[in-house]
Every structure is written in structure tokens, then in C-alpha cells.
Amino acid sequence: MDGMGIVRGLGVTLKRFLDTYIEDIRWFGKRYYTEEGVKHRMSTDARGIFTIQYPEEKLPVPEEFRFLPFLLYDVGPNGEEHIRCTSCGICPKVCPPQCIWIVRTNDPNTGRPIPEPEKFFIDMDICMNCGLCAEYCPFDAIKMDHDYELSVYDRHAKNLFDKEKLLKPTSYYADIRPVNYAREEAARAEAEAAKAARHSKE
């Protein structure tokens, strides 16, 4: 009640203020806009200001961080692209906010469905980033991205992603989620080996 709490609080602020300048001098200008500087300010050893100067600086995200969904395609030996999605329709059914729309491809001669989407849309402003679409996809065709920047002036023109905007190669997925990618590829190789073994017995 004698005001000492306010004085102590101001003392903490002053110490933080002075520590910031001392750290800036000690780091010789490398404290900001460098990967090493960002890591130091994220650590418990940080003194002074430790805020990230966004958007020039960005915090590294963990591998399991999820935001925007995207579609995967495999690149063949001759550079051809094979979309993993078969337009099975599971992801729109499990999507809680119902932000996924798929138009299936049909053979123009027979009218039968072709296992590839003609059109694929996701409204990113409605998407709640839950990851259920990626979790339930039986073909590992849809994954969650690390890109969290969605600021646009026209959401209808920019944030309604079509198939072309959603498609990314498996190499991109391997870069952002190396552990998951390696585990999935090992499981896929094991399944293929088991399948080949069954065929050889027959």
C-alpha cells in the first residue's frame, strides 16, 4: 500500500530496458534478423527484449505444426505428375466446417468416374485447421502445411484455393515434415513388399 510494488515493477521494466541495449552491443548487430539471434531470444538465456520482429523475423514452427491443407502429387521418372487424390470424397465428409468441395473426373466416352479430381476447392477462411482431412485420407493425398500467412484484401479471390493452388510435390512435404515423410515412405515400402510377396506365392 506504500507504493513499493509500483517501484519494484518499474525497476523490472528499467532492468529489461537496459539489458536490451547491453545485449545489442554484445551481439554486434547479429541479435536481430539472424537465425542464431532468433534462437537465442527464444531460449531461457535471453535478456532484455525477446520479441520477434515480425514479419521480417518469424518463429520456426515444429514439424507437427498444422495450418493450411494442401494436395500432394508424385513426380514420375520422366517428370510426369501423378496426383494422389482419387476424389473418394472422404475429406469433405469428415470436414467439420464443410469447407472442401470436390468435382470428380468422368470418362467422356463411358461416363464412368476416373480416380482423379477434376476440381478441388478449399475455402481457407472457413477451414479450422483441425487436420481431420489429412488424418482420414486413405491415400496420403492431403497434408497440413506450415504456411500461416493469410492476410489478403479480397478473400474470395485469394483464399478460395483451387486444385492448382493446392497441389504441391512430395519433395515439399519431405522438406517441412521429414520425420513423418520418412515414416510414411517406410510403411508404404513395407506394404508394397508384402504385396509382392503375396503375389509371388500365388
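The values are calculated or read from the model by the stated rules, or taken from the named source; none is laboratory data. In this text the structure is predicted, and so the values were computed from the model without any measurement. We place every Cβ from the backbone using ideal geometry, glycine too, and count neighbours over all the protein chains shown.
Remarks
- For first residues located in the range 28-51 and modelled with pLDDT under 85, partners that are not in a loop (DSSP other than H, G, I, E, B) and not aliphatic (A, V, I, L, M) and lie 6+ apart or on another chain with Cβ distances below 6 Å form the pairs I49/T20; F50/R41.
- Residue under evaluation R183, criteria (1) modelled with pLDDT under 95; (2) closer than 30 Å to Y54 by Cβ; (3) of a type in the set (K, R), criterion not met: (2)
- Test result for R66, at pLDDT 90 or above and under 31 Å from the mean Cα position of the chain (by Cα): yes
- Residue match in the range 153-172 (condition: surrounded by 14 or more Cβ atoms within 10 Å (Cβ to Cβ), assigned by TED's automatic domain parsing to the domain that holds G76 and of a type in the set (D, E)): no
- Summed over the range 110-154, the residues that are assigned to a loop (DSSP other than H, G, I, E, B) and either on the phi < 0 side of the Ramachandran plot or modelled with pLDDT of 90 or more (or both) give a count of 25.
Conditions tested, residue by residue: (1) among the small types (G, A, S); (2) exposed (fewer than 10 other Cβ atoms within 10 Å of the Cβ); (3) on the phi < 0 side of the Ramachandran plot; (4) not in a loop (DSSP other than H, G, I, E, B).
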| site | (1), (2), (3), (4) |
| --- | --- |
| L10 | no, no, yes, yes |
| F17 | no, no, yes, yes |
| T20 | no, no, yes, yes |
| K30 | no, no, yes, no |
| Y33 | no, no, no, no |
| D45 | no, yes, yes, no |
| I49 | no, no, yes, no |
| E57 | no, no, yes, no |
